[in-house]
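To start, the structure itself, in structure tokens.
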């Protein structure tokens, strides 16, 4: 996400990728029956990344290849 300093559209893309990865992490934690205490960090990362994605969604139209 450091590229956001030069290209703000990459923030939305990076947040989306991180959010999808978080969904996979949450499913894995649930599958191995981890406690909520062990699952909470990836839940928090997922929530924050999707919030960031929706905040920066309008910048995604400037993403390379979408023009």
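The values are calculated or read from the model by the stated rules, or taken from the named source; none is laboratory data. Being a predicted model, the structure only gives us computed values, none of them experimental. So basically every Cβ, Gly included, is an ideal-geometry build from the backbone, and we count neighbours across all protein chains shown.
Quick look at the numbers
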quantity	calculated
Subset of the stretch 7-34 that is closer than 13 Å to residue 64 by Cα and not in a helix (DSSP H, G or I) - its residue that is nearest to the chain's Cα centre (by Cα)	8
Cβ pairs under 9 Å, 6+ apart, first in the stretch 1-18 and within 13 Å of residue 50 (Cβ to Cβ), second in a helix (DSSP H, G or I) and at pLDDT below 80	11/3; 11/4; 14/3; 14/4
In the stretch 35-67, residue surrounded by the most Cβ atoms within 10 Å (Cβ to Cβ) [restricted to those that are assigned to a loop (DSSP other than H, G, I, E, B) and modelled with pLDDT under 95]	56
